[in-house]
Amino acid sequence: MRHLFRLCLLLFICLPAMAQKSANELHYTSSQRQLITVYKGTIFVNGNKAFIFHEDIINYPSRRNKLVENGSSVFLFLEVNGSPKKNRMYVFKIDHSLADSVLNTISSDVKDYDRDGDLEFGGSDITQTYPAADSMYYVPSKFYEIKKGKITFDEELTTTTDKKVNGIYLENPYDGNGNLKVIPKSKKRN
């Protein structure tokens, strides 16, 4: 009887430590009972390999890694180590045992930025400073919205954000050589 009590006590103490997930893996369960695991650069859905990264660039401890459900759609958000400036976020649509890569954007929180009832995410990358004191590079942003089970470009939030940051909105922020356009600093609101 004593041995049984000690064994139960030992299991009670050790099981929570053994049940903690590893620092390089993520586990999610959708309301559709899809079991999604991200481990060593591979996404598994219901035990099947659904997507494999060329190298394991996933930022596992990030609080931005999450599963978002909208309508009957399930989206997996994974923050990955990106450029030296900002991390990136990969978005996957989980459908049955498949993980379809939908989007690659600036890493940000997934929340209702413009208070329209829909979740948004995205942002702008950091640009280098322009050498002239009276000018600056245009800093374009790009926001997306989750609405009716789909991810779409959120033009209204993008336009509002660009006007706030740059003082103007440019639909095409790049010149003929693929470089960001230069705008006068006087147009930027302080």
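Observations
- Separation of the alpha carbons by more than 20 angstrom is noted, of 49/111; 93/163; 66/150; 66/163, for 49/111; 93/163; 66/163.
- Estimated FRET transfer efficiency (residue 42, residue 111; beta-carbon r; R0 22 Å; 0.05): 0.20
- The listed residues 129, 29, once ranked by accessible area (1.4 Å probe) with the largest placed first, stand as 129, 29.
- Note on residue 181 and residue 104: with the Förster distance fixed at 25 Å, the Cβ-Cβ geometry gives a FRET efficiency of about 0.60.
- In this calculation the C-beta distance from residue 135 to residue 156 is compared with R0 = 25 Å, giving a FRET efficiency of 0.35.
- Shape category assigned to the stretch 117-171 from the gyration tensor of Cα positions, a/c cut at 1.5: prolate
- Mean separation of Cα contacts under 8 Å, 6 or more apart, over the residue count of the stretch 39-172: relative contact order %: 15
- Taking all protein chains as shown and a probe of 1.4 angstrom, residue 163 keeps an accessible surface of around 90 Å².
The values are calculated or read from the model by the stated rules, or taken from the named source; none is laboratory data. None of these values were measured; they are calculated from a predicted model. Backbone-built Cβ (ideal geometry, glycine too); neighbour counts: all protein chains shown. Protein only, heavy atoms only, side chains kept; ligands, DNA and RNA dropped before computing areas. Shrake-Rupley method; radii C 1.70, N 1.55, O 1.52, S 1.80 Å.
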